[in-house]
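S.K.: Before I ask anything, here is the structure I am working with.
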Amino acid sequence: MGDVIDTSRWVVFYPIYINSKKTLAEGRRINASLGVENPNYVEIRDCCNYLKLPCLEEPHKAYSRDFMQRGRVRVQLKREDGSLVNPAVPTRKALMLKVAELVPKHQGRAKKQQETSSSSGTSATSGGKGKSGKKKK
């Protein structure tokens, strides 16, 4: 019974906080130029694991301003005694900036980018078929 961890004091991290496609009013918390395009909670969880921060994913939780955006991650920044878990990530804002820096390097995201770049390269050449203007009589 002593193994139960109280996660209520952990920081809540929604993907929308670092989404460069969202506005500040929609919930983005960092500069859009530092943000990431459409991150998800799995990528955030993996980045927290990489930073050696204890985290708990909550896939069924939704962001209050955009309830279609599913998933969030709870992250422990400080231990019970108040000491930092990872000194490189002292605050919630620092966590958002570190994760936004790491998400583009995520292996799942790298695969997606390779698939889209290879499929867009083949469809760029249409072979000259299709309408190209008015027909002459």
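FYI, it's all coordinate maths here, none of it is from the lab. Just so you know, these numbers come straight off a predicted model, no measurement behind them.
S.K.: Please list the equivalent ellipsoid semi-axes of the stretch 11-114, computed as the square roots of five times the alpha-carbon gyration tensor eigenvalues, in descending order and whole angstrom.
M.R.: 21, 16, 14
S.K.: Eigenvalues of the Cα gyration tensor times 5, then square-rooted: what semi-axes does that give for the stretch 27-83, in whole angstrom, largest first?
M.R.: After scaling each eigenvalue by five and taking roots: 22, 15, 12 Å.
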